[in-house]
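**Student:** Take a look at this one; I'll ask things after.
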Amino acid sequence: MITKKTNKRKSSDYRNFLAQRLQDPEMAAGYLTACFEEGEEAFLLAIKDVAEARGGIGSLAKATALNREGLYDMLSKKGNPRLSSLTTIL
């Protein structure tokens, strides 16, 4: 029996790649814009991605004076944020 060796390429975690890219304000703005065009759920998750890439939800909570637990809920798939909260975050 002949076995064939396959070259398995190591792939990097896309979350790490995304977090690195979202460090750049222009990339983050483009990402948010593209996700906004996809719909509300995608946009809320994109805000969470950007927040995590730029210091985490705890850091965002301190910067915006919003409740950390509330931010997690607001930016979840089932989140229902108020416009005033989104304005504060952005």
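**Student:** Can you pull out the residues in the range 46-62 that are surrounded by 13 or more Cβ atoms within 10 Å (Cβ to Cβ), in a helix (DSSP H, G or I) and either touching a His at 6+ places or on another chain (Cβ under 7 Å) or not small (Gly, Ala, Ser) (or both)?
**Tutor:** Ile47, Lys48, Asp49, Val50, Glu52, Ile57, Leu60
**Student:** Continuing with this model, one more query. Does Phe43 meet the test of being of a type in the set (Phe, Trp, Tyr) and surrounded by 15 or more Cβ atoms within 10 Å (Cβ to Cβ)?
**Tutor:** Against the criterion (of a type in the set (Phe, Trp, Tyr) and surrounded by 15 or more Cβ atoms within 10 Å (Cβ to Cβ)), Phe43 qualifies.
**Student:** For the range 63-78, which residues satisfy the criterion of being surrounded by 12 or more Cβ atoms within 10 Å (Cβ to Cβ) and either under 14 Å from the mean Cα position of the chain (by Cα) or part of a helix (DSSP H, G or I) (or both)?
**Tutor:** Passing the criteria: Ala63, Thr64, Arg68, Gly70, Leu71, Tyr72, Asp73, Met74, Leu75, Ser76.
Since every read-out is calculated from the coordinates, none of them should be taken as a lab result. Quick caveat, the model's predicted, so the values are computed rather than measured. Please note: Cβ atoms are built from the backbone with ideal geometry, for glycine as well, and neighbour counts cover all protein chains shown.
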